């Protein structure tokens, strides 16, 4: 419920009301992060690390692609290098650079606990990340099953974005 309240606060702060679109909520969160809102930077980074729907797509930062991430920071994280670079970018932008290691460790622990990873807007299935199927074409979208994947392809907009985003290899 806390994450819903945070998203509601961001949407209301931007003057747009509450949305039920996972993509739109993530886009508004990124907009707040770009404006330097520290909590939005943290939340966007956490959701990218945890591979929540639309987070990696919306939060990707082209400027972060060339940023070197130290081997010490990478150690123990089951996240592709490109994602870790993006996550580090948002944490630094949100002024979390002094405790970057601690924050990343918190993200790592949370990611192992499970969450809502299905990209389909109407889905509320909770589970471990490994239990969700990855789109075979783009390797970014995750679904709890074939019905959600088909619905998102036909009505959710995945058909338009599939294959047009960076593929995060390694997960």
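Throughout, read-outs are computed from the coordinates displayed, never taken from laboratory work. Remember, it's a predicted structure, so these values are computed and weren't measured experimentally. Positions of Cβ are backbone-derived with ideal geometry, glycine not excepted, and every protein chain shown enters the neighbour counts.
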Quiz prompt | Spin-label model distance (nm) - residue 106 vs residue 147, 7 Å beyond Cα toward Cβ | solution = 3.7
Quiz item: How do 86, 51, 78 line up, fewest other C-beta atoms within 10 Å first?
Solution: 78, 51, 86
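Once you have the Cα-Cα distance between residue 97 and residue 159, take 0.36 nm times their residue separation minus that, and quote the gain in nm to one decimal. Walk me through the numbers before you get to the answer.
On the way: separation 62, 0.36 × 62 = 22.32 nm, distance 3.71 nm.
That works out to 18.6 nm of additional length.
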